[in-house]
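Here's the structure we're looking at; comments come further down.
Derivation of every value follows stated rules applied to the coordinates shown; laboratory data play no part. This is a predicted model, so every value here is computed, not measured. So basically every Cβ, Gly included, is an ideal-geometry build from the backbone, and we count neighbours across all protein chains shown.
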Amino acid sequence: MGEYEPQPQRESSVVKVTSVSPERETEIHEEFAHFFQEQPPEDFEREKSPEEAEIFRRLGPEIAEFVGQYGGTPLKIQPEHVHIIDEQKLAAQPQKFRDALAHMKGGARFVPELQSIYVYPENNNWGPYGKVRMAETVGHEMLHFNAYYSAMEKGGELRFRRGGWVMLSEKYGDLFSDIDEAVVEELTNRFSRDRLGNIPALHAQYEEREALIQRIFQSREKFYSDPALVETKQMPSGEYKTTISSYPYRKERKRLWEVIRGIREAMPEKFSSDEEVFTEFAHALFTGRVLNVARMVEGAHGRGAFRALGEATRGKKNAQAEIPPTLL
Ligand SMILES: [Zn+2]
């Protein structure tokens, strides 16, 4: 296992700004700290219910402790950082704007430029087990939020260079995009298993869902070795329907575990389990230090394998282009 120095304290997701003077870097950090602090409610946002606010109030510190376990420097994420989109209010927004947010429906997204999380629940309804699922979805975004970010200035414009595992390059696109999502989703699974039940407002639903999982999968091990998702949605008839499906990013996670297995098999003296190798990937997400993993990938899969992995797991679209322009 590698050694990790603690990162300096941070007041936003941005850890480092390159290609600027030290004075300008300080200024940029202050700007992002300001974005982090100020969380004005959006026109298209609805007020959180007291229960939702309470869940987010507990979720931030739970995520922070969890991030610390993986070598990260956690941020103090508050309920105000989570903006819930109101479908009705959104309908009053310009079409272009609605189109830009349409892909988020039923999901959530962390927007580093604004230091905010946007959640877009379908039908404004979480359903019976939905509170647990909602906490997992927002927790996933809080993990992205706590990842390592670096930026640079080019032609007077600020650009992100790194966001967790994603390496943004104008020429090559968003390298390691799928690795980023796979690592964050695997961490979300572990967070859910180890910590969601600690949140009092979720406890009853969490236990109920766990019981359902036990009934269907017989053992927790089986459930978590092939992580599945128990989700309940309200049908137009008003009835609730429970479905069980795979956790998100299944294809991406499968690929990640193939790479991890290759490393563990090539270095049996260093790693006794796949989980230990995974921990290195998680450390890199939060610290930005990928060199260790790069060496491991090259050691197991040959020279040039790390770069090839970055290209093979490249995002289809530039992440920055997905942000609705009116949000900026
Ligand atoms: Zn994600």
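Here are a few things to note about the model shown:
- In a DSSP loop and with at most 10 other Cβ atoms within 10 Å, the GluC sites (Glu not before Pro) in the range 30-117 are Glu47.
- Pairs from the list Lys222/Lys254; Lys16/Lys171; Lys48/Lys154 with a Cα-Cα gap above 27 Å: Lys48/Lys154.
- Interchain or long-range residues, amide H under 5 Å from Asp86's placed H: Glu45, Arg46
- Taking all pairs of distinct alpha-carbon atoms in the range 14-217, Kirkwood radius in angstrom: 18.3
- Dividing the helix sum by the residues of the chain, where each DSSP H run of 4 or more adds -39500 (n - 2.57), gives a mean residue ellipticity at 222 nm of -15500 deg cm²/dmol.
- Nearest-20 debye value, the chain charge dipole, Cβ charges on Lys, Arg, Asp, Glu: 960
- Centre separation in Å (Cα based) which lies between the range 136-166 and the range 53-72: 18
- Annotation: amide H of Tyr247 within the under-5 Å range of Ala228, Leu229, sequence separation 5 or more or interchain, hydrogens built in the peptide plane.
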